[in-house]
1. Considering region 87-111 alone, what residues qualify as being crowded, with 20+ Cβ neighbours inside 10 Å and part of a loop (DSSP other than H, G, I, E, B)?
2. Looking at Gly218, Gly247, can you tell me which residue is outside any loop (DSSP other than H, G, I, E, B) and either open to solvent by 60 Å² or more (accessible area, probe 1.4 Å) or not β-branched (Val, Ile, Thr) (or both)?
3. Quick check on my filter: what residues within region 154-183 are assigned to a loop (DSSP other than H, G, I, E, B) and touching a strand residue (DSSP E or B) at 6+ places or on another chain (Cβ under 6 Å)?
4. Inspect all residues belonging to region 270-288 and state whether any of them is in contact (Cβ under 8 Å) with a residue 40 or more places away in the chain and in contact with an Asp or Glu (Cβ under 6 Å, 6 or more places away or on another chain).
5. How many of the residues making up region 66-79 are open to solvent by 10 Å² or more (accessible area, probe 1.4 Å) and either closer than 17 Å to Lys37 by Cβ or part of a loop (DSSP other than H, G, I, E, B) (or both)?
6. So, in region 259-287, how many residues would count as being open to solvent by 30 Å² or more (accessible area, probe 1.4 Å), assigned to a loop (DSSP other than H, G, I, E, B) and of a type outside the set (S, T, N, Q)?
7. When you scan region 299-310, do you find a residue that is part of a strand (DSSP E or B), open to solvent by less than 30 Å² (accessible area, probe 1.4 Å) and in contact with a His (Cβ under 9 Å, 6 or more places away or on another chain), even just one?
8. Scan region 112-145 residue by residue and report those that are assigned to a loop (DSSP other than H, G, I, E, B) and without any contact (Cβ under 8 Å) to a residue 40 or more places away in the chain.
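The values are calculated or read from the model by the stated rules, or taken from the named source; none is laboratory data. Treat the numbers as computed from the prediction; the structure is a model and nothing was measured. Here the Cβ positions follow ideal geometry from the backbone for every residue, glycine too, while neighbour counts run over all protein chains shown. The protein model used for the area step is the full one, side chains on, heavy atoms only, and it has no ligands, DNA or RNA in it. Shrake-Rupley method; radii C 1.70, N 1.55, O 1.52, S 1.80 Å.
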Amino acid sequence: MNKIIYLLVSTAIFVSCQNTTQQAEKKTKSAKMEITKEHFGNIGGENIYLYTLTNPSGFSVQITNYGGIVTSILTPDKNGYMDDVVLGYDSLGGYLIESPYFGAIVGRYANRIANGKFTLDGKEYTLEKNEGHCHLHGGNIGFDKKIWNADTFADDSIASLKLSYLSSDGEEGYPGNLDVTVTYRITPDNELQIEYSAKTDKPTPINLSHHGYFNLSGTSGRNILNHEIYIDADRYTVVDNLHIPTGELRDVTNTNMDFRTPMVIGARIGMVDGGYDHSYVLNNQGKMDRVAELYDPQTGRVMDVFTTEPGMQFYSGNFLDGSIVGEYGLVYQRHHGLCLETQHFPDSPNHPDFPNTILRPGETYSQLTTYKFSVR
């Protein structure tokens, strides 16, 4: 469906629901969650599909099985107006030509591995380098460029899309056959849940994440500098000029990295070299907890982030430069969107003191992240 038509129809449905009688409102609340499937394109003779998950209030998420990409999230503002709050493209072609990981699942290892090398059980492995001397987000053909198998499910409380992919031994230089499952779910409470699971037949590093670019002002054309952000982290990983961790976990107190009190993003970004692109050491201690909040005062939209992961990369869209024309014809200038990527720390295989990212046979990798949308 054309993105603009889809947006208008979804807004009309939401407004209609808001104006129903109390009896009709009860019926709406008891309605089932919905999933639809449509053809999205073709890659090498293989069909690619777009799945739309919708709850009874009209909140909806569109996901394609190419790269596990979230192409759209429609959620209301304080006046009930539905708008798309993630960056992306109107069609599959944009994601195939040029995309800074818009909305994708990144792996086997999200973020950077220094020099594309690590040593595991006494053996050195060399990975594909796709950012200078570094290995970034899984390499040249990471999980963001794979075609995933898809299964759907919906009932009164959940609509889910289960994506699975078998990453073969040696892919991008990684050891072991890795069987990966990523399940997207939406709930009646306007939550997008992402559950990750994986098993391997050889020891291997793994660090999966969702690389969505969020802008709670929707398709207004405004950037994210007026958004307020809260991050529950006392420390962050210090990096060198190649964004590789030095090993130091520095206290955020009295620095421009401190978001333990909500702060307007644009207030201090000019004092941060290159803008924000830092991994935060979360205070959740591995438990599912609220670790961040993003708020747009103009629309009233709020996005809370919950995760079991020990870290979160806050990236303020520094490399967007106006060269990308995205969905709805928007030109993505610098800071048009931001990422809150829940994950382990960058380059962990080369830092034994960081939380473990090595998965071994007989173990199960698992993590859960939720993005919850509301209004204030």
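1. Within region 87-111, Leu87, Gly88, Tyr89, Ser99, Tyr101, Phe102, Gly103, Gly107, Arg108, Ala110, Asn111 meet the criteria.
2. On the way: Gly218 fails: outside any loop (DSSP other than H, G, I, E, B).
So the residue among Gly218, Gly247 that is outside any loop (DSSP other than H, G, I, E, B) and either open to solvent by 60 Å² or more (accessible area, probe 1.4 Å) or not β-branched (Val, Ile, Thr) (or both) is Gly247.
3. Going through region 154-183, the residues assigned to a loop (DSSP other than H, G, I, E, B) turn out to be 155-158, 168-170, 174-177.
If the condition is that a residue be assigned to a loop (DSSP other than H, G, I, E, B) and touching a strand residue (DSSP E or B) at 6+ places or on another chain (Cβ under 6 Å), then Ile158, Tyr174, Pro175, Gly176 are the ones that fit.
4. Yes, region 270-288 contains a residue that is in contact (Cβ under 8 Å) with a residue 40 or more places away in the chain and in contact with an Asp or Glu (Cβ under 6 Å, 6 or more places away or on another chain).
5. Of the residues in region 66-79, 4 are open to solvent by 10 Å² or more (accessible area, probe 1.4 Å) and either closer than 17 Å to Lys37 by Cβ or part of a loop (DSSP other than H, G, I, E, B) (or both).
6. Selection size over region 259-287: 7.
7. First, the residues of region 299-310 that are part of a strand (DSSP E or B): 301-307.
Next, from what is left, pick out any that are open to solvent by less than 30 Å² (accessible area, probe 1.4 Å): 301-305, 307.
Among the residues that remain, those that are also in contact with a His (Cβ under 9 Å, 6 or more places away or on another chain) are: none.
Within region 299-310, none of the residues are part of a strand (DSSP E or B), open to solvent by less than 30 Å² (accessible area, probe 1.4 Å) and in contact with a His (Cβ under 9 Å, 6 or more places away or on another chain).
8. Going residue by residue through region 112-145, those that are assigned to a loop (DSSP other than H, G, I, E, B) are 121-122, 127-130, 132-133, 137-142.
Gly122, Lys129, Asn130, Gly138, Gly139, Asn140, Ile141, Gly142 - these are the residues of region 112-145 that are assigned to a loop (DSSP other than H, G, I, E, B) and without any contact (Cβ under 8 Å) to a residue 40 or more places away in the chain.
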